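Down below is the structure, laid out as structure tokens.
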Amino acid sequence: NEKYKILLHGHTNGNAHGKIITMGPNQNFFELATGDIDGSGSAKELSYQRALVIKEWLVSQGISENRIGIKAWGGSRMIYDKNSSYARRNVRVEVEVVED
């Protein structure tokens, strides 16, 4: 729906500083590829980068960039304890429709 504006909420499993791999210029959204960039940063930065790649994919599919916002939560809104067997479910991007 072209009237929708969305907010992508990026989440991580905890607040530890760690490795972040960002997509390189090849724009290969579905696998690691030559040109991807290894780095490190905070959980908040990881959650931002996680949501950013979803935004970039949506834009590549024809969604207007000005209709997509990002909120990086890091590990502050985990669903499960980071030591739980379900902890991987904390690693996610949620989509919220903020205007229709």
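The values are calculated or read from the model by the stated rules, or taken from the named source; none is laboratory data. Everything numeric in this text was worked out from a predicted model, so none of it was measured. So basically every Cβ, Gly included, is an ideal-geometry build from the backbone, and we count neighbours across all protein chains shown. We work out accessible area using only protein heavy atoms, side chains counted, and drop any ligands, DNA or RNA first. Shrake-Rupley method; radii C 1.70, N 1.55, O 1.52, S 1.80 Å.
How about Lys19: which lysines have a C-alpha closer than 21 Å to its C-alpha, ignoring those fewer than 8 places off in the same chain?
Partners within reach: Lys44, Lys55, Lys71, Lys82.
Would you work out the charge dipole size for segment 3-100 about its Cα centre, treating the Cβ of every Lys and Arg as +1 and the Cβ of every Asp and Glu as -1, and quote it to the nearest 20 debye?
Value, rounded to 20: 300 debye.
On the accessible surface of the chain, probed at 1.4 Å, how many percent belong to carbon and sulfur atoms?
Within the chain, the accessible surface is 49 percent carbon and sulfur.
Work from the charge dipole of the chain (Cβ charges, +1 for Lys and Arg, -1 for Asp and Glu, about the Cα centre) and give the residue of Phe29, Ile68, Thr12 farthest towards its positive end.
Projecting each Cα onto the dipole axis, the largest value belongs to Thr12.
To two decimal places, what compactness ratio does the chain give when its Cα radius of gyration is scaled by 2.2 N^0.38 Å?
1.13
Taking the Cα centre of each part, how many Å lie between segment 1-46 and segment 63-78?
Segment 1-46 and segment 63-78 have Cα centres separated by 11 Å.
Counting only the heavy atoms of the protein chains, how much of Glu45 is accessible to a 1.4 Å probe, in Å² to the nearest 10?
The accessible area of Glu45 comes to roughly 70 Å².
I want the local charge near Gln27. Using Cβ-Cβ distances under 14 Å, sum +1 for each Lys or Arg and -1 for each Asp or Glu among the other residues.
Charge balance in the 14 Å sphere: -2.
Per residue of segment 67-76, in order, report the coupling 6.51 cos²θ - 1.76 cosθ + 1.60 (Karplus, θ = phi - 60°) as ³J(HN,Hα) in whole Hz, putting x for Gly and Pro.
9, 10, x, 10, 10, 9, 9, x, x, 7
Could you do me a favour and compute the accessible area per residue for segment 52-100, 1.4 Å probe, result in Å²?
Heavy-atom SASA per residue in segment 52-100 reads 70 Å².
Could you calculate the FRET efficiency of Asp36 with Gln61 from 1/(1 + (r/R0)^6), where r is the beta carbon distance between them and R0 is 22 Å, rounded to 0.05?
0.60
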